[in-house]
Amino acid sequence: RKEVEQDPGPFNVPEGATVAFNCTYSNSASQSFFWYRQDCRKEPKLLMSVYSSGNEDGRFTAQLNRASQYISLLIRDSKLSDSATYLCVVNGHDEYNNNDMRFGAGTRLTVKP
Amino acid sequence: DAGVTQSPTHLIKTRGQQVTLRCSPKSGHDTVSWYQQALGQGPQFIFQYYEEEERQRGNFPDRFSGHQFPNYSSELNVNALLLGDSALYLCASSLYGRGISNQPQHFGDGTRLSIL
């Protein structure tokens, strides 16, 4: 089983749509969680952290369910500029160093006019 | 405040050759992690360096080796290149230690390696 699993998509949605991505992780010792965004042929960039209580940043909402080892990202009112690959990331497994991120394969989103 | 810088941007090699990729971490960071990202895949962890030592390693063969210098910069070396080594190689920097898992790593632009 992969450490971090995501639905690869692709998700093709019209502008203004709401879309949700899911992610599961296998290591129950994982401590922190992030969503990264990666544009074609570019490096991954941090989109948002994911907190246990759930958190929102504008049109983006992230949720975490530690019991189910499940993370989600909801994008409301999709924009053309949201088209990218969204990477689920889990962090913090090593006994000595809690900064050892593991990435999912990414979910590709295309927002169409 | 300089971010993570990698060189070269692109590289073309042939099978059997050796390659060295370079990374300078973000100012204030002491740890460098290397990732391989094949087309259509997420970044795969290769290894992480701190205090000039390899601290963690992913599932990569010994052909992949690295080094960290006293100024925290790092090199990734790949020997006996295979066609399957063609990928984007990403370097990320961070701070080492416990209790800091809420600090995400910062990535460089990557080196795109093509093996012919």
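The values are calculated or read from the model by the stated rules, or taken from the named source; none is laboratory data. What you are looking at is a predicted structure, and each value in this text was computed from that prediction instead of being measured. Glycine gets a Cβ as well: all are built from the backbone with ideal geometry, and neighbour counts include every protein chain shown.
Restricting attention to segment B:75-89, the residues being farther than 30 Å from A:Thr107 by Cβ and either within 11 Å of chain A (Cβ to nearest Cβ) or buried (at least 16 other Cβ atoms within 10 Å of the Cβ) (or both) number 2.
Evaluating B:Gln6 against the criteria (1) within 24 Å of A:Glu3 (Cβ to Cβ); (2) within 11 Å of chain A (Cβ to nearest Cβ); (3) in contact with a Lys or Arg (Cβ under 7 Å, 6 or more places away or on another chain) leaves one unmet condition, (1). Annotation: of all residues in segment B:90-116 being crowded, with 20+ Cβ neighbours inside 10 Å and among the aliphatic types (A, V, I, L, M), the one that is farthest from the other protein chains (Cβ to nearest Cβ) is B:Leu113.
Each residue in segment B:36-62 was checked for being of a type in the set (Ser, Thr, Tyr) and without any contact (Cβ under 8 Å) to a residue 40 or more places away in the chain, and 1 of them qualify.
Give the residue that is nearest to the other protein chains (Cβ to nearest Cβ), with candidates limited to residues of segment A:60-113 that are among the β-branched types (Val, Ile, Thr) and surrounded by fewer than 22 Cβ atoms within 10 Å (Cβ to Cβ). Ranking the qualifying residues of segment A:60-113, first place goes to A:Thr110. Only one entry of B:Ser33, B:Ser93, B:Ser65, B:Ser114 meets the criterion of being polar (S, T, N, Q), more than 26 Å from A:Ser32 (Cβ to Cβ), in a strand (DSSP E or B) and touching a residue at least 60 places away in the same chain (Cβ under 8 Å), and that entry is B:Ser114.
Number of residues in segment A:33-54 that are surrounded by 13 or more Cβ atoms within 10 Å (Cβ to Cβ), within 12 Å of chain B (Cβ to nearest Cβ) and more than 12 Å from the chain's Cα centre (by Cα) equals 3.
Scanning segment A:65-83 for residues that are on the phi < 0 side of the Ramachandran plot and either of a type in the set (Asp, Glu) or under 13 Å from the mean Cα position of the chain (by Cα) (or both) gives A:Tyr70, A:Ile71, A:Ser72, A:Leu73, A:Leu74, A:Ile75, A:Asp82.
Taking the criterion of being at pLDDT 95 or above and either of a type in the set (Lys, Arg) or touching a Cys at 6+ places or on another chain (Cβ under 8 Å) (or both), the only residue of segment B:78-107 that qualifies is B:Cys91.
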